[in-house]
Each structure stands twice: as C-alpha cells, then as structure tokens.
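Heads up, the thing below is written out as structure tokens.
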Amino acid sequence: TTLGAVGDGLTDNRAVLQAAIDTHEKLFFPKGVFAVSGTLNLRPETKLLGAYPVFSTITALSTLTNRFGGVAPEAADAPIVRTADTAAAETWLSLIQIKRLFPLAMHNPTTPGNHALEWRSGGDSLLRHVMLESDPATNVRPDFIAKVFYGYNTDNPGAPNYRPISPNH
C-alpha cells in the first residue's frame, strides 16, 4: 500500500505492482486482495512476501468481455504470476495466495483465461507456504461435466450424442 497498491479486490493493481517489482527486490503484501488484469513478471531476484496466505492475496481480474491479460477465448491461459526463466534465480514467494478467478455468467464454458503461477526459476529460489487457488463456485465448466459425467459430445454436431453448450445455457 505504500507504493500505491489497493487491496480491495476490485482495483487493478497490475501497473503499480509491476513497477514495484521492476524497481524493488522485496515486496511485502499486507492484508488485502490485490487484483491484477495481466501477468506480473518477476525478476530473478524478486521476493514477494505476504502476511499469511489467507490474508495476502493476488487475484486475477477477468470478465467475459475483458478477459485476463487480453487473452482470446481460444488462446492458452496466461499466468497471474510468472517467474524469471533462469537457473541462477533467487526468487522467493512466501506466505501469499495467488487466486485464479473468473466469473462465468450463466455457466459459460469459456476457459478462465488465467492460471495462478508459471514457475521457471531455479538456483536459490524458494516457494514457501503459498496457496494456489481456483474458486470452483465461479469456475464451473459445463462442457467438462457434459463430456465426462454424462458422455455427451459437445464438439461434433454430427454425432448422435451431440449436446451443444451455449453461453446462455
């Protein structure tokens, strides 16, 4: 909060947090939910420390019309936090939660557009007491349920067991 981040779960903190990561080696996250609209790219020496995982959270901002990081519905999900890709890193993530969140209106089967963490650091890096979470109440995948549990074919309109999954389902 000293650097201008707002932990209300609504304010987009991506720019202020990325600027802080680019400038400082250590960042402490106090109690709060720090929302970001795009990936936070860590440097090899970045150290993100929270008060405790249930108190200090980084979460994705993503809606059906404004997906996380501008990811297209057909594109691969983008990470909320991405570490530097180096074997000699000293990256630390400790006592923090990274929460994947994507409200699906009317059980829309679109993929969430984000995943919690892309860990690529080696060396003296540390991942300690970090919660990576996806809220199942807001990440319903009816296409998966239809395929796996009911045996419906949601991809091939010519199949005898075809059942379309629409955003308004």
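Each row is one residue, and each column tells you yes or no for (1) in a helix (DSSP H, G or I); (2) in contact with a strand residue (DSSP E or B) (Cβ under 9 Å, 6 or more places away or on another chain); (3) hydroxyl-bearing (Ser, Thr, Tyr); (4) buried (at least 17 other Cβ atoms within 10 Å of the Cβ).
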position: 4; (1), (2), (3), (4): no, no, no, no
position: 10; (1), (2), (3), (4): no, yes, no, no
position: 18; (1), (2), (3), (4): yes, yes, no, no
position: 28; (1), (2), (3), (4): no, yes, no, no
position: 38; (1), (2), (3), (4): no, yes, no, yes
position: 43; (1), (2), (3), (4): no, no, no, yes
position: 49; (1), (2), (3), (4): no, yes, no, no
position: 54; (1), (2), (3), (4): no, yes, no, no
For the range 85-100, check the following and say yes or no: at least one residue is modelled with pLDDT under 90, at positive phi and either surrounded by 20 or more Cβ atoms within 10 Å (Cβ to Cβ) or not in a strand (DSSP E or B) (or both). no
For the list (1) modelled with pLDDT under 95; (2) in a strand (DSSP E or B), I need the number of the one condition that residue 73 fails. (2)
Pairs, first closer than 21 Å to residue 55 by Cβ in the range 123-139, second assigned to a strand (DSSP E or B) and at pLDDT below 75, C-beta under 7 Å, six or more apart: none
Condition check for residue 23: surrounded by fewer than 14 Cβ atoms within 10 Å (Cβ to Cβ), of a type outside the set (Lys, Arg) and over 18 Å from residue 117 (Cβ atoms): yes
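The values are calculated or read from the model by the stated rules, or taken from the named source; none is laboratory data. These figures come from a predicted structure and were not determined experimentally. Because the Cβ atoms are built from the backbone with ideal geometry, glycine has one as well, and the counts that use them run over all protein chains shown.
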